[in-house]
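Undergrad: I'd like to ask some things about the structure below.
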Amino acid sequence: MVNEADMNSQRPEGFRMIGQPIPRVDARDKATGRTRYVADIKVQGALFGKVLRSPYPHARVLNVDISRAEQLPGVRAVVTHADTPGVLYGSYNSGIKDEFILAKNRVRYVGDEVAAVAAIDPDIAMEALTLIRVDYEPLPGYFHPEEAMAEGTVPIHPGDRNIASHRLTVRGDPDAGLREADLVLEDQFETDLQIHAYLEPVACIVEYDSRDRFHLWAPIQNPSWSRIIFSEAMDLPIGRFHCVQTPIGGAFGGKLEQKLYLIGFLLARKAKRPIRLENTREEEFQSSMPRVPMVIHLKMGMSKDGLITAKTHRIIADNGAYAKYAPGVVNLGTYRIDGLYRMQNVRNECILVYTNRPPTSAFRGFGNPQITFAVESMIDVLSRKLGLDPLEVRIKNAALPGDVTVHGFRFTSCGFKESLEEVGRMMDYQRVRRERGPNEGIGLSGTTHVCGNRGFFPLFDGSTAIIRVDEGGNVRVIPGETDVGQGLLTAFAMIAAEALGVALDRIRVDEGDTDLSAFGLGTWGDRATFIGGNAVRLAALEAKKEILRVAADMLEANVEDLDIHEDRIIVKGTPSRRLDFEEVTARAVYTQGGSPIMGKGTFIPESDGADSTLYGNISGTYAFGAQGCKIRVDPRTGEVEILEFYAAHDVGRAINPMACEGQVEGSIAQGIGYGLLEKVEYKDGVMLNPGFLHYRVPTALDVPKMCTALIESIDPAGPFGAKGVAEPSMTPTAACIANAIYNAVGVQIKEIPVTPQKVLKALKDKR
Amino acid sequence: MKPVKQEIMVTINGELNRFFIRTNTFLLDLLRDELGLTGAKRGCNKGECGSCTVLLDGRPVRSCLFPAVMADGRQVVTIEGLEGPGGKLHPLQEAFIQQGAIQCGFCTPGMILTAKGLLDENPNPAEEEIRRAISGNICRCTGYVKIIDAIRTVARKKRGD
């Protein structure tokens, strides 16, 4: 019996579940050690693989002799370039194909894969690596784009001056815009590599079956898409690859497809045994695909009343040894900010240069944190010099709902102004700006980001989810996106439960499996909740329709009069006429030849892609946010202590506010690492600090108190109004800190990470 | 050099075990490979990330660097041993779940055990003491905010506030 009181206990706006801070559906397994990450899975008969990597940043490979390694007892396979199809492949994004699975006759960074072994235990595999003899002829190494672009350098790949990609975009009249300005400033900003440092090292299990099919178990963000790359690199049809996503122990953009998996395929095929491969932490630091470093030459004009009249930038970015997703990062990631402040005149030039450092690639924010550091720092400097308040200047220029940006983005919902105002309110901005302790300062910054990106995957944008309801009323959701640790399993379970009208514990959301799921583009570009969530909602509604159709027969009622509420099928207005969910699902299955109830939902966002100049609405919606912080600088040591952090993010609607806050808090910590702590030390292409001891990922002692507000702009296209939050929340943090440092001690640091040495030098130069 | 083998007796999660192991075996390998207790994670294998943390006689240790033979005659508790009879979770597990202190989960077992080590020794830690105690356990996802909150909640409950 459903009574009126139950009906009235519904949440505001009629939601039972959306908007509730519900614990993660996978939390209990994670808290009790039950979750099986790939390294926790035992496979009978699996061999241990190890990869031989180049010790040179740049060298010719003259000869690889594996004969002694092959003879070592316990070694079952050794693979080199000769075991690969010998075709060049790439990330299927940039169009650039510049790498082999194993080096042919050239290595291009310290860590470049040369050979691999599989043996019956890890010690034998390690010993076998020492028995492989590689003759190298060292070539000059280039560790900075400026060096690599110089005349007369040895090309790292065939091509001119080591340039991997070069793009120029002009909108409006940037020169006229600069002439109109009352103040034009020009400066250079620099950002460095950042290592993902997810806690779970990349690992995989590979099996090669008797029908010549490869099966991969791995923590992979984009299982379906990866098959395209595997197919290209292995020169085999897509259907030969089956990818199963295992629980992902953190990704942040670093667990898109990996070369390690391709090496696993080669070893499994040659050894005819399952293979287990695991990166060591040192390999993760030295040879993963870190954030793209950029030197950003920025020019901006502002009128004396604070309007931005023009912006031009010229970015020289370090692609590292191979073009993975770095072309996407510089070209698609660095122009988003132009919409944040209603700019009309911009000129963006991006030059991406090969060097002999690790291939750089996708990392939370995807180019946006780099450019945002520069632009948000510059807005502070301009405001200051014009005697204006940086918060007011930002509000004055802020994007508004309904805007079509200079690049053609359509802002169907936009809570940027509200985010700025909320941060100002939370931190008591006006008062704290006046009354602050010695060497204390506050800073602000803003951000916008895509929620999916039509330009990023060339074939299509969208998502399809499948829902299967069995006779027992169990609901299985098969999505196309992956939980990378952010809580997508929970968000999708909540969306399905809400749309179906059933309890959360009926729902189980699958991890990715390319033999079962639709072609899912995976999790990147802040797309998963917005695009995948819509697909899950539509699939649930379709399943619900089918359930109600069966229930209508049973109740001799019209489908339109029925609804599902708290696991019961009810006749609206006649609460006494009802059926339990299981009664209906059992009837449906038993009377329809055993067929489960199926729902399939496809969502294609209303984006139209970009033209050849990158003009166009590339995302179905956009996320916004603002951050503020309070810091203290020790002028004797140059050390920056973060005292408080404030963040307000327009998430559309918080499906699960606790999870949204978690994304923001984790982002701020990564942003503090990026802005202050995480510094790679290189000498001649060798990373000198490849471990947590000397590469300082923030610890609990490095992060301040945080205060997060979620702004709900209720996006018209979002699932229940939701947008993304995981990437934009990382983007503004470094600039926020840099601006606070100026506010504290009067120096604007233009290079991150802001080490104490840089602060001291700037203070000294100021005197 | 041929590795030497040795017999050890270790109580793990309340149960006595006998092993005949190579003396160069680390506690983490013993737990994961011999017993299938994979809750302790190998995040760096250098004692720098904390994800392999287990309790040895009640104190947190980095099992990836701890020689298994030194656990002879001692008590080891892993995350699998924290769940009480009938599936009742330890208050720290419960608080981590309820308060959103878990994201990817890879640091979680080590983090919870480090927190247990702290609270067993100091049931009333100041926030700074909590931060210091878990500063050897790296979490890349949460920014530690909800982890610290969860530990504080349990501490408060222990005190009976």
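All of the numbers you see were taken from the coordinates with simple rules; none came from a lab. Fair warning: this is a prediction, and the values are worked out from it, not measured in the lab. Cβ coordinates were reconstructed from backbone atoms using ideal geometry, including for glycine residues, and neighbour counts include every protein chain displayed.
Undergrad: Per-residue mean of other chain beta-carbon atoms within 10 angstrom of the beta-carbon, peptide A:194-200?
TA: Mean number of neighbouring Cβ atoms from other chains: 5.
Undergrad: Report the relative contact order of the range B:5-81, percent, no decimals, based on alpha-carbon pairs under 8 angstrom and at least 6 residues apart.
TA: Relative contact order, the range B:5-81: 39 percent.
Undergrad: Additional query: Quick one: compute the contact order of the range A:9-99, relative version, from alpha carbon pairs under 8 angstrom and 6+ residues apart, as a percent.
TA: 10
Undergrad: Among A:Tyr590, A:Tyr37, which comes first, then next, by fewest other beta-carbon atoms within 10 Å?
TA: If I rank by nearby Cβ atoms, fewest first, I get A:Tyr590, A:Tyr37.
Undergrad: Using the crude model of +1 on Lys and Arg Cβ and -1 on Asp and Glu Cβ, and no other charge, please compute the dipole size for chain A relative to its Cα centre, in debye to 20.
TA: 960
Undergrad: What chymotrypsin sites (Phe, Trp or Tyr not before Pro) does the range A:418-480 have in DSSP loop regions with at most 13 other beta carbons within 10 Å?
TA: Qualifying residues, ordered by number: A:Phe460.
Undergrad: Read phi for every residue in the range B:78-85 and hand back ³J(HN,Hα) as whole Hz from Karplus 6.51 cos²θ - 1.76 cosθ + 1.60, θ = phi - 60°, with x for Gly and Pro.
TA: Ordered by residue, 3J(HN,Hα) equals 10, 4, 5, x, 7, 6, x, x Hz.
Undergrad: Please list the radius of gyration and Dmax for the range A:535-637, considering alpha-carbon atoms only, with Å as the unit.
TA: Over the range A:535-637's Cα set, Rg and Dmax evaluate to 24.6, 82 Å.
Undergrad: In what sequence, highest mean first, do A:504-516, B:42-54 appear when ranked by Cβ atoms within 10 angstrom?
TA: Per-residue mean Cβ counts within 10 Å order the peptides as B:42-54, A:504-516.
Undergrad: As a check on your grasp of the helix formula, calculate [θ] at 222 nm for chain A: sum -39500 (n - 2.57) over DSSP H runs of n ≥ 4, divide by the residue count, round to the nearest 500.
TA: My calculation for chain A gives -8000 deg cm²/dmol from helical runs alone.
Undergrad: Moving on. What's the center-to-center distance, using Cα atoms, between the range A:509-542 and the range A:295-366 in Å?
TA: 30
Undergrad: Would you tell me the mean number of C-beta atoms belonging to other protein chains that fall within 10 Å of each C-beta in B:35-45, as a whole number?
TA: 6
Undergrad: Tell me which residues come under 5 Å, amide H to amide H, from A:Ile22 once H is placed; ignore anything under 5 positions away on its chain.
TA: A:Met658
Undergrad: Among the listed pairs A:Lys50/A:Lys104; A:Lys385/A:Lys766; B:Lys116/B:Lys157; A:Lys572/A:Lys600; A:Lys324/A:Lys723; A:Lys683/A:Lys766, which are separated by more than 20 Å between their Cα atoms?
TA: A:Lys572/A:Lys600; A:Lys324/A:Lys723; A:Lys683/A:Lys766
Undergrad: Also, quick follow-up: Report the one residue of A:Leu400, A:Asn356, B:Ala155 whose Cα lies farthest in the direction of the positive end of the charge dipole of the protein assembly as shown (charges on C-beta: Lys and Arg +1, Asp and Glu -1; origin at the Cα centre).
TA: After comparing all options, I get A:Asn356.
Undergrad: Give me the compactness ratio for the range A:680-767, meaning the Cα radius of gyration over 2.2 N^0.38 Å.
TA: So the range A:680-767 has a normalised radius of gyration of 1.53.
Undergrad: By average Cβ neighbour count within 10 Å, what is the ranking of A:747-754, B:99-106 from highest down?
TA: Ranking, from highest mean packing down: B:99-106, A:747-754.
Undergrad: For chain B, what does -39500 (n - 2.57) per DSSP helix run (n ≥ 4), summed and divided by total residues, give at 222 nm, in deg cm²/dmol to the nearest 500?
TA: Computed ellipticity for chain B at 222 nm equals -8500 deg cm²/dmol.
Undergrad: Which listed residue (B:Gln6, B:Ala71, B:Phe26) has the Cα farthest towards the positive end of the charge dipole for the range B:5-81, taking +1 on Lys and Arg C-beta and -1 on Asp and Glu C-beta about the Cα centre?
TA: Ranked along the dipole, the leading option is B:Phe26.
Undergrad: Put +1 on the Cβ of every Lys and Arg and -1 on every Asp and Glu Cβ in the range A:149-278; which of A:Ile220, A:Thr169, A:Leu199 then has its Cα farthest towards the positive end of the dipole?
TA: Of A:Ile220, A:Thr169, A:Leu199, it is A:Ile220.
Undergrad: Starting from the Cα gyration tensor of the range A:30-103, take the square roots of the eigenvalues, sort them a ≥ b ≥ c, and report rounded, prolate or oblate (rounded when a/c is under 1.5, otherwise prolate if a/b is larger than b/c, else oblate).
TA: The shape class here is oblate.
Undergrad: So, one more: Average the reciprocal distances over every distinct pair of alpha-carbons in chain A, invert the result, and give the Kirkwood radius in Å.
TA: Hydrodynamic radius (Kirkwood, Cα pairs) of chain A is 27.3 Å.
Undergrad: Could you work out the pair-distance distribution P(r) of the range A:73-138 from its alpha-carbon pairs, with 10 angstrom bin width and percents rounded to whole numbers?
TA: 18, 43, 29, 9, 0
Undergrad: Three principal axis extents, largest first, for the C-alpha atoms of the range A:467-612, in Å?
TA: Principal extents (largest minus smallest coordinate, Cα): 58, 28, 26 Å.
Undergrad: While we're looking at this one, here's another question. Please report how far the C-alpha centroid of the range A:664-738 lies from that of the range A:372-443, rounded to the nearest whole angstrom.
TA: 19
Undergrad: Nothing charged except the Cβ atoms of Lys and Arg (+1) and of Asp and Glu (-1): what's the magnitude of the dipole of the range A:267-392 about its Cα centre? Round to the nearest 20 debye.
TA: The calculated dipole for the range A:267-392 is roughly 680 debye.
Undergrad: Starting at the first residue of the range A:53-62, write each ³J(HN,Hα) from the Karplus equation 6.51 cos²θ - 1.76 cosθ + 1.60 with θ = phi - 60°, in whole Hz, x for Gly and Pro.
TA: Calculated HN-Hα couplings, in order: 10, 5, x, 9, x, 7, 7, 7, 9, 8 Hz.
Undergrad: Further question on the same structure: Net charge within 15 Å of A:Ile263 by Cβ-Cβ distance, Lys/Arg positive one each and Asp/Glu negative one each, not counting A:Ile263 itself?
TA: Within the 15 Å Cβ shell, the charges total +1.
Undergrad: Would you mind counting up the charge near A:Met427? Only other residues with Cβ under 12 Å from its Cβ, with Lys and Arg at +1 and Asp and Glu at -1.
TA: +2
Undergrad: Gap in Å between the Cα centre of the range A:79-131 and the Cα centre of the range A:610-628?
TA: 37
Undergrad: Relative to the compact globular guide of 2.2 N^0.38 Å, what is the alpha carbon radius of gyration of the range B:85-159, as a ratio?
TA: Normalised by 2.2 N^0.38 Å, the Cα Rg of the range B:85-159 equals 1.00.
Undergrad: Return the average number of partner chain Cβ atoms within 10 angstrom of each residue Cβ along peptide A:23-29.
TA: What the average comes to for A:23-29 is 6.
Undergrad: To continue, here is another question. Based on Cβ point charges of +1 for Lys and Arg and -1 for Asp and Glu, what charge dipole magnitude is obtained for the range B:5-81 about its Cα centre, in debye rounded to the nearest 20?
TA: For this selection, approximately 220 debye.
Undergrad: Something else about it: Give the cross-link partners of A:Lys764 among the aspartates and glutamates, using a straight C-alpha distance below 17 Å as the criterion and excluding same-chain residues fewer than 8 apart.
TA: A:Asp634, A:Glu639, A:Glu751
Undergrad: To make sure I understand, if each residue's beta carbon is the centre and we count other beta carbons within 10 Å, what order do B:Val4, A:Val559, A:Val375 fall in, fewest to most?
TA: So the ranking, lowest neighbour count to highest, is B:Val4, A:Val559, A:Val375.
Undergrad: For the range B:5-81, take the convex hull of the Cα atoms, compute a quarter of its surface area, and give me that in nm², please.
TA: Convex hull of Cα atoms, orientation-averaged projection: 4.2 nm².
Undergrad: May I pose another question? Give, as a single signed number, the net charge of other residues whose beta carbon lies under 11 Å from the beta carbon of A:Thr523, with Lys and Arg counted +1 and Asp and Glu -1.
TA: Within the 11 Å Cβ shell, the charges total -2.
Undergrad: Moving on to the next point. Give me B:Arg74, A:Arg394, A:Arg28 ranked fewest to most by other Cβ atoms within 10 Å of their Cβ, as a rough exposure proxy.
TA: B:Arg74, A:Arg28, A:Arg394
Undergrad: Another question, if that's okay. Can you give the direction-averaged projected area of the convex hull of the alpha-carbon atoms in the range A:488-549, in nm²?
TA: The number I arrive at for the range A:488-549 is 4.4 nm².
Undergrad: Can you give me the relative contact order of chain A as a percent, contacts being Cα pairs under 8 Å and 6 or more apart?
TA: 15 percent.
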